[in-house]
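Here's the structure we're looking at; comments come further down.
The values are calculated or read from the model by the stated rules, or taken from the named source; none is laboratory data. Source: prediction; values computed, not measured. Glycine also receives a Cβ, built like all others from the backbone with ideal geometry; neighbour counts cover every protein chain displayed. SASA here: full protein model, heavy atoms, side chains in, ligands and nucleic acids out. Shrake-Rupley method; radii C 1.70, N 1.55, O 1.52, S 1.80 Å.
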Amino acid sequence: MNASRREFLKGAAASGALMSGLALSRRKPAHPRVEIPREGIASDPLRPQYHLLPARNWMNDPNGPIYWKGSYHMFFQYNPNAAVWGDMHWAHAISPDMIHWKHLPLALAPTPGSYDSEGCFSGSAVDDGGVATFLYTGVKSVPAAQATLRDAKHNFMEVQCLATSRDDVLQKWDKLPAPVLLPPNDPNLTGFRDPCLWQMGKTWYMGIGSGARGKGGRVLLYRSEDLRHWQYVRPLATGKWNGKQTNDPVDAGEMWECPDFFPLGKKHVLLYSTERKVYWQSGELDPETLIFNTEKRGLLDHGAFYAPKTQLDAKGRRILWGWIPETRTEAEYSAAGWAGCMSLPRALTLAGDGTLQIAVIPEMARLRDLEMAVTASGTGNKARVEALQKIGLPTATAEIAMEFQAKPVHFRILDGTQEILRVAFDPAKAGGELRLGDRVAPVLPASAGQHRLRMFLDGSVFECFLDGGLALTSRVYLAPKTPLRIEMSKTELAAVESLCVWPLRAISPDRLTT
Ligand code: FRU
């Protein structure tokens, strides 16, 4: 990439491209730090109201989500000092239901002079025989020749570190005095971070995001009996370099960030993040050779969604969390005083053919206020048009659910005459496509000849799901001045079987999730 970072940021914002925490922000902030008053942040109409995000400043990846002693704990990459990437800590929030959150004091901070002096990067949490345990990546500056993370701005050595907590609400964490795993001595290594963990029998396995220069991203597989002594096994999965010469190997597909690997139904699923996208693969893990044979693959979300992490919930569901980054410029989000939020909890399952299915957990319905609906099909079109006209959303926090026949359908979400978002579905276009603003995703034909669209609007965040298999997250930075309404042509409305809209309640009274 030859364009300067500033030009690139502008371009990325204009095209709606994803802004990865490391790829785009691992550098000194270009904008002086301005403290935005609490009230200013609380009343910002672009700030989500039912997504988890810190009261102020920058966040990125979810880290170590875990259900522990009856509560959900979420940790995430956080800069306590500014609304730009840097000085990575692990923030901590607790929830009874994965929907309502309360912030707790920071869980991990860099230790000056130590192996994580420059940041506590992403990682996982596990239950090690009753002891809550974090495995995370510590970074510190080293001479270029020893660095595993080199992006023309930083020379960081990445090591895997362990911390444990013995209190019931996981507030106090004790780090081991030394890392549990150092990077392999390989000058072609493109990175060594973001451990994910699983256990088979008594043995622990750890996948680490990595890659080989000029070859492609990799997940390196290690094994251990005690989480403290690790033995290298093999690459669990390998990818291909995209052929581009970039400062950051993540942009060239030479480095895979944030791997996650878990059993799902009768198969195993691998997730990884690279080139600003998140990919999934499903297949069989051979328990003897530990070779993962991929059978199906795809994109986890076609929009602004990165570095996800999964966990098991109290009901045994596999829940996916991801970072929803900003797609506006650094100057804009830094001035807003907050940047990034967590996706809603999405339950993962596998379809019979191994395709990954994604659905926001049904418990989200607890936030619904009074339903507004366009009456079911069979009703005269006049009544349906009138019902549609009556829909008005006082704030941009809502859920929309629509079932419609496999015909072209498009609708606009309007603030007065100003278009907030255009949603367009065309089953005929190159096998079918869904458009959300300037983002496009291919869709599969609906088996029942009918499609289901579910959309969550929350300030500047739009999470959209089609037919259980397709996710598309988008950001729109237009603050509504009047109640939002939905506009659709009479003919297209005729293809709609049902359309329900619910305003959704904020998850905290002061709008700061505190
Ligand atoms: C992904 C990522 C991870 C890293 C973290 C640092 O967004 O780059 O690879 O651990 O962010 O904040």
* Structure fact -> Dividing the mean separation of Cα pairs under 8 Å (6+ apart) by the residue count of region 340-384 yields a relative contact order in percent of 24
* Å² per residue, accessible surface of region 57-360 at 1.4 Å -> 36
* May I ask you to derive the relative contact order of region 114-246, considering only C-alpha pairs under 8 Å and at least 6 residues apart, and to give it as an integer percent? => 17
* May I ask you to list the aspartates and glutamates whose Cα is less than 14 Å away from that of Lys315, ignoring any residue fewer than eight positions away on the same chain? => Asp97, Glu363
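How big is region 368-503 by the Kirkwood estimate over distinct Cα pairs, in Å?
Taking every pair of different Cα atoms in region 368-503, averaging 1/r and inverting gives 15.0 Å.
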* What are the semi-axes of the equivalent ellipsoid for the chain, taken as the square roots of 5 times the Cα gyration tensor eigenvalues, largest first, in whole Å? -> 38, 25, 22
* Using 7 Å Cα-to-Cβ label points, what is the Thr375/Ser117 separation (nm, one decimal)? -> 7.2
* Structure fact -> Only helices counted: for the chain, with every DSSP H run of 4 or more residues adding -39500 (n - 2.57) and the sum spread over all residues, [θ] at 222 nm is -2000 deg cm²/dmol
* Structure fact -> In debye to the nearest 20, the charge dipole size for the chain, taken about the Cα centre with +1 at each Lys and Arg Cβ and -1 at each Asp and Glu Cβ, equals 540
* Under 5 Å, built H, 5+ apart or other chain: amide partners of Asp301 -> Val278
* Could you tell me which of the pairs Lys175/Lys309; Lys153/Lys215; Lys240/Lys429; Lys240/Lys296; Lys69/Lys277 are separated by over 27 angstrom between their Cα atoms in the structure shown? => Lys240/Lys429; Lys69/Lys277
* Structure fact -> Label model pair Lys429, Phe262: point-to-point distance (7 angstrom along the Cα→beta-carbon line) in nm is 3.3
* Structure fact -> The extension gain from Lys102 to Gln450, computed as 0.36 nm times the residue separation minus the Cα-Cα distance, is 121.3 nm
* Asked: Based on the alpha-carbon gyration tensor of region 272-398, what equivalent-ellipsoid semi-axes (square roots of 5 times the eigenvalues) come out, in whole Å, largest first?
  -> 35, 24, 15
* Treating cross-link reach as a plain straight distance, find the lysines whose alpha-carbon is under 24 Å from the alpha-carbon of Lys390, omitting any fewer than eight places away in the same chain. => Lys382, Lys481, Lys490
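Starting from the residue with the highest accessible area, list Lys407, Lys172, Lys140 in decreasing order, probe 1.4 Å.
Descending order: Lys172, Lys407, Lys140.
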* Asked: So what's the Cα pair-distance distribution over region 334-408, bin width 5 Å, in %?
  -> 3, 9, 13, 15, 17, 15, 13, 9, 4, 1, 0
* Rg and Dmax of region 449-514 over Cα atoms: what are they, in angstrom? -> 14.7, 46
* Pairs of Cα atoms under 8 Å, at least six residues apart: use those to get the relative contact order of region 57-360, whole percent. => 13
* Structure fact -> Semi-axes (Å, rounded, descending) of the ellipsoid equivalent to region 57-360 per its C-alpha gyration tensor are 24, 24, 21
* Structure fact -> The extension gain from Thr238 to Lys172, computed as 0.36 nm times the residue separation minus the Cα-Cα distance, is 20.1 nm
* To do: Along Cα→Cβ, 7 Å out, is where each label goes; now give me the distance between the ones at Lys490 and Lys296 in nm to one decimal.
  => 4.2
* With every protein chain in place, region 57-360: carbon and sulfur % of accessible area (1.4 Å) -> 51
* Structure fact -> With 0.36 nm assigned to each residue of separation and the Cα-Cα distance removed, Gln418 to Asp353 gains 19.2 nm
